[in-house]
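Structure first, then comments.
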Ligand SMILES: Cc1ncc(C[n+]2csc(CCOP(=O)(O)OP(=O)(O)O)c2C)c(N)n1
Ligand code: SF4
Ligand SMILES: [Mg+2]
């Protein structure tokens, strides 16, 4: 039994956003994860991002698979409906949910075991279809919930807590997402809130399949030396290609930057992603450039983070299927049933 | 040798090569007989292959309307040299062999007790057509034409069918009529016609429709309000989503915007197709998937989630021969247990058993209502025999006053008014809790759906009492389901009897015919057709009222019998297995023999005498 009501302390900084909610309103139940787990920082970043975006919490549907990471939707956005599905199959459930009601925002939360091991096929196919969602993988290189076995994203040569060296090649979810047509692809680090919050905001407002691979250390099973997913290792090897500022369509653009430093990308809903380039040679709207940049830098042991690719005119599965602008789940017999007259005509044709 | 003489009661079988375009010609032939007012029930017998392999089309012409497979063949249309010997052997003594005599065959290739009808089809065709594709297609029409004279089917019936089919395509219309008459003329000029077996105009078809079960399900899903479908191709279920798509394109495209009031996804596998429909069901859309045995095996984890987290979803299982890949193009009823108890832990699911395409339509729409009402997976259990064969059945009906039953969905207004919302709480004793849809209310009614245990307010809990409460409530819900599902249909014998028979689904037409035959022999049996699982109390009463109850089903392990024993605690000795599972549809002959062997062993003592003894 883990249901604990959080004390509702009133803090002077708890100011309401444009839709009248305080940051507190975006929280969920108290986390039961290990103290220091990267996943909790990601939950905090999601809370911050949704609050800053002025999203009414109940307009978000959060879906997840199974794992420590997949438990987290219980720990944020308590006023949203959540669905903890089965291991590795969040993408399909989210796809169906999205088809049923295109008016909600879809947040998919998964782990590296959930998405790269058991669920690789569903991950890949959801990207291919361009399901509109923010898909977050909380990547710690291990199965946290089953006590530290290597997952499919563990780097070759990395060492487990028990001293075993991983001999398999890692699956790079970012590379797969890029290849399969995701229209917003980012990598970040749970310990870099400044980078993470705007990335999540951009993903939530994106018009197609948005994917963020967030390295999120497992303090209990994968934070030792020899691990390539520990806090220390990621801090040492983090190479950000850009910093983004997320400017929603409702905000006024205030900051000014020197030309050439900044790439501005307007998303379908009018929101603006302003990327401060940290690498002069990086173009975040060039999918193939992003792929080769990533591969070259990863080969040198760098962990490339930031918004790696964005297609500002992304479309989604609803566009491909030409589904109604109105939510399918709200349609009734009047819209859906052809009626007895139509049936008589069918009967006649079957005689 | 006396040739078989029979009007409006015979079996004709077409031996064809897969991919030769014979399917539409054969269907034309069947429809023409229907237009003569005589019932026909055809069956496709085909291998798991696309081209070049043998296929058969076996049509039973039967004025009495028996739609089950009869067994035996009165006339063979032998168009496939590959299967000649076996096809020849199958003809009943006194039967007819129709073949393409362009190339002469040695006498050893014939039977002396079979009447041979030689038509040089290839010669006739090639004299007129040069294009290879045309030759193939028109050869089929020419043999239909030849048969029509032999069996005394009127030419105008065909001409009318062509006119309907090729409306606005005059050239096609004309060329088909010409080919038909080429066949007819040859027979009229060269052979003796009609044969001893033949068709005579009757009025036994009435307003019945001729349709396959899979199309009927696709249509039922449109009428029933399904908006999301996800599927992965598998024989014999593929034509269900295809039909759904076809009817959606006809009825669900907004006339102004051209936008679709439906979404269909061909998923990457059955794990994904069930996942999508579970996600859609969770989010309040009516959603279904269609599959067959292997797909069910893959779906079981999600089925357990749907059961335990109580998410509406409809699953169509068009059963085929198992286990494993089994007999993918043959029919069976062998997924009863794998569906009724699908997934790990204690689970039970609602199954519906349509008997024909008419009920496929009804059960599809009913399943969507039941899924919403019961917040659970609902299986529509058909099989290849009903699914992929056209069957003469009652026309589809729809009551325009009917609304969809969306079940217990709490609205924003109710939440606002302070109505207590416990997602997994039984408030009125039927075991069905209330649910809310995502996005309903800004602050009330949200909950976290999960496959782990929880308390009545959806809060994670591994406390024993919370778990038991929930599991007992699910049982109560299952009991409620027994009253909501389509109820069994009783057919009493004219005399009181201690024998009963239980049957369901595609066995129905063969069973009814067997009951008539047995009845005529003085063997009285009360019959109960099951339309769904769980079993309502009336099933228990039926079994209790009879000493012996035959359970007729199309699988090896008597799965329905096991379910009856398991669920109703009846004495297994009371339930006698009648099992047919070689992949062909069960016949009245098989059932009659099996029952007679028990009721009138060897000496064939009349039942009444035996009972008196
Ligand atoms: C079908 C199935 N197999 C195995 C498991 C056991 N299991 C639960 S979580 C998990 C791994 C989770 O790893 P990951 O997605 O990386 O999440 P993390 O706990 O590391 O955040 C496994 C194997 C399961 N729940 N279901
Ligand atoms: S085991 Fe690892 S992943 Fe799971 S909660 Fe603990 S630190 Fe986080
Ligand atoms: Mg992990």
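Odds and ends about this structure:
- Sub-6 Å Cβ pairs linking a first residue in the stretch A:216-229 that is more than 22 Å from residue A:304 (Cβ to Cβ) and away from chain B (no Cβ under 14 Å) to a second residue that is within 12 Å of ligand 2 (Cβ to nearest atom) and in a loop (DSSP other than H, G, I, E, B), at least 6 apart or interchain, are A:219/A:34; A:219/A:36; A:219/A:37; A:220/A:34; A:221/A:148; A:221/A:161; A:224/A:161, ordered by first then second residue.
- Among residues of the stretch A:203-220, those that are surrounded by 24 or more Cβ atoms within 10 Å (Cβ to Cβ) and either within 11 Å of ligand 2 (Cβ to nearest atom) or assigned to a strand (DSSP E or B) (or both), counted: 10
- When residue B:106 is tested against (1) in contact with a helix residue (DSSP H, G or I) (Cβ under 6 Å, 6 or more places away or on another chain); (2) over 21 Å from residue B:20 (Cα atoms), just one condition goes unmet, and that condition is (1).
- Residue that is farthest from ligand 1 (Cβ to nearest atom) [pool: residues in the stretch A:107-122 that are surrounded by fewer than 24 Cβ atoms within 10 Å (Cβ to Cβ) and within 13 Å of chain B (Cβ to nearest Cβ)]: A:121
Quick grid of which residues meet (1) assigned by TED's automatic domain parsing to the domain that holds residue B:230; (2) in a loop (DSSP other than H, G, I, E, B); (3) surrounded by fewer than 23 Cβ atoms within 10 Å (Cβ to Cβ):
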residue	(1), (2), (3)
B:297	yes, no, yes
B:300	yes, no, yes
B:307	yes, no, no
B:324	yes, yes, yes
B:332	yes, yes, no
B:337	yes, no, yes
B:347	yes, yes, yes
B:360	yes, no, no
B:366	yes, no, no
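- Every residue from the stretch B:260-272 that is surrounded by fewer than 17 Cβ atoms within 10 Å (Cβ to Cβ) and within 8 Å of chain A (Cβ to nearest Cβ): B:269
- Residue within the stretch A:307-330 that is in a loop (DSSP other than H, G, I, E, B), within 14 Å of another protein chain (Cβ to nearest Cβ) and within 22 Å of the chain's Cα centre (by Cα) present: yes
- Matching residues in the stretch B:227-251 - criterion: being facing chain A (nearest Cβ under 8 Å) and buried (at least 23 other Cβ atoms within 10 Å of the Cβ): B:227, B:228, B:230
- Residue that is crowded, with 21+ Cβ neighbours inside 10 Å and within 27 Å of residue B:346 (Cβ to Cβ), where the choices are B:505, B:500, B:429, B:407: B:505
- In the stretch A:272-299, the residues that are without any contact (Cβ under 8 Å) to a residue 24 or more places away in the chain, part of a loop (DSSP other than H, G, I, E, B) and either in contact with a strand residue (DSSP E or B) (Cβ under 9 Å, 6 or more places away or on another chain) or within 19 Å of residue A:180 (Cα to Cα) (or both): A:283, A:286
- Residue check, residue A:200 at pLDDT below 95 and either more than 15 Å from ligand 2 (Cβ to nearest atom) or closer than 23 Å to residue A:152 by Cβ (or both): no
- Lone unmet requirement of (1) surrounded by fewer than 17 Cβ atoms within 10 Å (Cβ to Cβ); (2) under 26 Å from the mean Cα position of the chain (by Cα) for residue B:522: (2)
- Residues in the stretch B:273-294 that are in a helix (DSSP H, G or I) and either surrounded by 24 or more Cβ atoms within 10 Å (Cβ to Cβ) or within 7 Å of chain A (Cβ to nearest Cβ) (or both): B:273, B:274, B:275, B:276, B:277, B:278, B:279, B:280, B:281, B:282, B:293.
- Of the numbered criteria (1) surrounded by 24 or more Cβ atoms within 10 Å (Cβ to Cβ); (2) within 16 Å of ligand 2 (Cβ to nearest atom), the one residue A:31 fails is (1).
- Residue in the stretch B:21-28 that is surrounded by fewer than 16 Cβ atoms within 10 Å (Cβ to Cβ) and assigned to a strand (DSSP E or B) present: no
- Test: residue A:144 is within 11 Å of chain B (Cβ to nearest Cβ), touching a helix residue (DSSP H, G or I) at 6+ places or on another chain (Cβ under 9 Å) and within 16 Å of ligand 3 (Cβ to nearest atom): no
- In the stretch A:52-63, the condition of being in contact with a strand residue (DSSP E or B) (Cβ under 8 Å, 6 or more places away or on another chain) and within 16 Å of ligand 2 (Cβ to nearest atom) is met by no residue.
- Considering residues of the stretch A:71-88 that are near ligand 1 (Cβ under 9 Å from one of its atoms) and within 10 Å of chain B (Cβ to nearest Cβ) only, the residue surrounded by the fewest Cβ atoms within 10 Å (Cβ to Cβ): A:87
- Test: residue A:195 is away from ligand 3 (no atom under 16 Å from the Cβ), in contact with a strand residue (DSSP E or B) (Cβ under 9 Å, 6 or more places away or on another chain) and in contact (Cβ under 8 Å) with a residue 40 or more places away in the chain: yes
- In the stretch B:402-416, the residues that are more than 10 Å from chain A (Cβ to nearest Cβ), assigned to a loop (DSSP other than H, G, I, E, B) and over 20 Å from residue B:458 (Cβ atoms): B:405
- Taken over the stretch A:42-79, the criterion of being within 16 Å of ligand 3 (Cβ to nearest atom) and over 14 Å from the mean Cα position of the chain (by Cα) is satisfied by A:66, A:67, A:68, A:71.
- The residue list A:47, A:66, A:42 contains one member that is surrounded by fewer than 24 Cβ atoms within 10 Å (Cβ to Cβ) and either within 12 Å of ligand 1 (Cβ to nearest atom) or away from chain B (no Cβ under 12 Å) (or both), which is A:47.
Rundown of residues vs (1) farther than 30 Å from residue B:357 by Cα; (2) touching a helix residue (DSSP H, G or I) at 6+ places or on another chain (Cβ under 9 Å); (3) surrounded by 19 or more Cβ atoms within 10 Å (Cβ to Cβ), yes/no style:
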position	(1), (2), (3)
A:304	yes, yes, yes
A:307	yes, yes, yes
A:313	yes, no, no
A:336	no, yes, yes
A:341	no, no, no
A:348	no, no, no
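The values are calculated or read from the model by the stated rules, or taken from the named source; none is laboratory data. What you see is a predicted model, and the numbers here were worked out from it, not measured in a lab. With ideal geometry, Cβ positions are generated from the backbone for all residues, glycine too; neighbour counts draw on all protein chains shown.
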